[in-house]
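All of the numbers you see were taken from the coordinates with simple rules; none came from a lab. Computed from a prediction, not measured in an experiment: that's the story for all the values here. Quick reminder, even Gly has a Cβ in these numbers, built from the backbone with ideal geometry, and neighbours come from all protein chains shown.
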């Protein structure tokens, strides 16, 4: 069931539910965690946001998460507060604040996009 961007899940009687949050652009750690969890196709993977910023590869992390969402039937995503950063920077900041953010935060996804 889908209503107002809310997904209601009906989980089978026996399944694993794996919830991960605060990846923050650390793709290598994220992949290592997934490997340690030994995720199977029937497992439910719920990623709870804060995918970007702080780590060394926000762009790669985001692309990897997009591929998980596209290719795993039981993968669900929510946005965290930092996942709204690009939208806020590009649409709500003035030019000076946006440039300041872009050049002072080398690990931001916007900085990585520009590179």
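Data overview
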| read-out | value |
| --- | --- |
| Highest-fluctuation residue, 53, 95, 63 considered, GNM on the chain with Cα pairs under 10 Å | 95 |
| Helix 27-37 vs. the chain, principal-axis angle (Cα, 0 to 90°, nearest 10) | 10 |
| GNM flexibility winner over the chain from 67, 58, 38 (Cα, springs under 10 Å) | 38 |
| Angle between the chain longest axis and helix 95-104 axis [Cα atoms, degrees, rounded to 10] | 70 |
| DSSP bridge orientation in the chain - percent antiparallel, rounded to nearest 5 | 20 |
| Mean Cα-pair separation over length for the chain, i.e. relative contact order, pairs under 8 Å, 6 or more apart, % | 25 |
| Prolate/oblate/rounded call for the range 1-106, Cα gyration tensor, a/c under 1.5 rounded | oblate |
| Principal-axis tilt of helix 58-71 within the chain, Cα atoms, nearest 10 degrees | 30 |
| Sites residue 87 and residue 14, calculated FRET efficiency, Cβ-Cβ separation with R0 30 Å, nearest 0.05 | 0.15 |
| Three-way shape label, the range 4-47, alpha-carbon gyration tensor, a/c 1.5 | oblate |
| Candidates 100, 43, 28, ranked by Gaussian network fluctuation over the chain, Cα under 10 Å, top entry | 100 |
